[in-house]
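Structure first, then comments.
The values are calculated or read from the model by the stated rules, or taken from the named source; none is laboratory data. Keep in mind it's a predicted model, so treat the numbers as computed, not measured. Here the Cβ is made from the backbone with ideal geometry for all residues, glycine too, and neighbour counts use every protein chain on show. Note: areas computed on protein heavy atoms with side chains; ligands, DNA, RNA excluded. Shrake-Rupley method; radii C 1.70, N 1.55, O 1.52, S 1.80 Å.
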Amino acid sequence: MKLGMKRLAVVAALGVTSAALAVSPAFAKSDISIQATPHTAHAGHVVKVRGQGGDDAEQYTMLVIQERSGKPGHWGHWHAVTRSFNGAARANVKVTHTGELQFRSVLYSTDKHHHHPKTDRTSTPVAVHVVR
């Protein structure tokens, strides 16, 4: 009789646990990152930039790596270096001027034809110092 009560308690506990999991909300995962190497480059050399991003809640996305140059307080506008529709983008950027470059990844959600982009998330910029 004691064995039957233990089985009943185990079955009841499993039933309550599975019911609790069924009503818990599902969370979509979203992430974005950017890397640039080297962190200090000589003018005329190439900086390798890699960006990654994705959002499980969006069916169609576009990842864009953007660049701007200048210095704090006097930055230029962001402009696109490359884009990707598979969530991973790479670019080799030849640096031409001394100073500082910044790169960031921007993830856009789009329709199935990649029209009408809406900004989903933006990475924090990474800086590359350019010397002579």
**Q.** Solvent-accessible ranking of Asp111, Asp56, largest area first, probe 1.4 Å
**A.** Asp56, Asp111
(Q) Residues of region 29-70 with the amide nitrogen closer than 18 Å to a label point 7 Å from the Cα of Thr98, along Cα-to-Cβ, please. (A) 39-46, 69-70
Q: Report Thr40's accessible area, 1.4 Å probe, all protein chains in place, as a number in Å² to the nearest 10.
A: 80 Å²
Q. Ignoring ligands, DNA and RNA, what accessible area per residue does region 36-79 give at 1.4 Å, in Å²?
A. 61 Å²
Q: Could you calculate the contour length gain from Arg90 to His45, that is, 0.36 nm times the residue separation minus the distance between their Cα atoms, to one decimal place in nm?
A: 14.6 nm
Q.
What figure, in Å² to the nearest 10, do you get for the accessible area of Val93 with a 1.4 Å probe and non-protein molecules left out?
A. 10 Å²
